[in-house]
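Below: the structure, in structure tokens.
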Amino acid sequence: MKRENEPSDEAVEHGPVYLAIERALWVLGPALILLTLLNVPGMHAAREQAEAQLAADVSAENLEYCARWGMPAGTAQYLDCIRDFVAIRARAEQRLRDSIAASDL
């Protein structure tokens with residue numbers, strides 16, 4: 001029969017510090033998971049905003065470059081220049097993705 005003043009088997013086996021740490025982890029673990037889940041929408045919004053800003057910056061660079069080479073906006077040459085830039089950037093991005101994929105193997 002067990003007395004009330006006797007330490008439990010768990011306390012004798014691990015000690016009070018271990019038990020305090022274990023309790024803290026049981027409280028903090030779910031709290032950290034909850035905070036992470038609450039932060040996910042904000043991370044997605046920030047990523048989308050960064051992607052939109054990058055697209056706007058790239059577009060502005062393309063426009064500036066074609067105009068600098070004497071192709072006024074709205075002309076056929078200008079549109080061809082923009083198409084060429086889009087194609088060049090797409091190929092460069094694909095090479096970068098391929099390189100990253102190859103290095104992950």
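We did not get these values from a lab; they are worked out from the coordinates using the rules stated. This structure is a prediction, so every number in the text was calculated from the model and none was measured. In this analysis, Cβ positions are derived from the backbone assuming ideal geometry, glycine residues included, and neighbour counts consider all displayed protein chains.
A few notes on this one:
- With each label modelled as a point 7 angstrom along the Cα→C-beta vector, the residue 32-residue 83 pair spans 5.4 nm.
- Convex hull (Cα only) mean projected area of the chain, reported in nm² to one decimal: 13.5
- Using the Cβ-Cβ distance between residue 98 and residue 58 with R0 set to 22 Å, the FRET efficiency from 1/(1 + (r/R0)^6) comes to roughly 0.65.
- Residue-averaged 222 nm ellipticity for the chain, from DSSP H runs of 4+ at -39500 (n - 2.57), nearest 500: -30000 deg cm²/dmol
- Coordinate range along principal axes, alpha carbons of region 56-98, Å, largest first: 35, 19, 14
- Cβ-Cβ FRET estimate between residue 44 and residue 14, R0 fixed at 41 Å, reported to 0.05: 0.50
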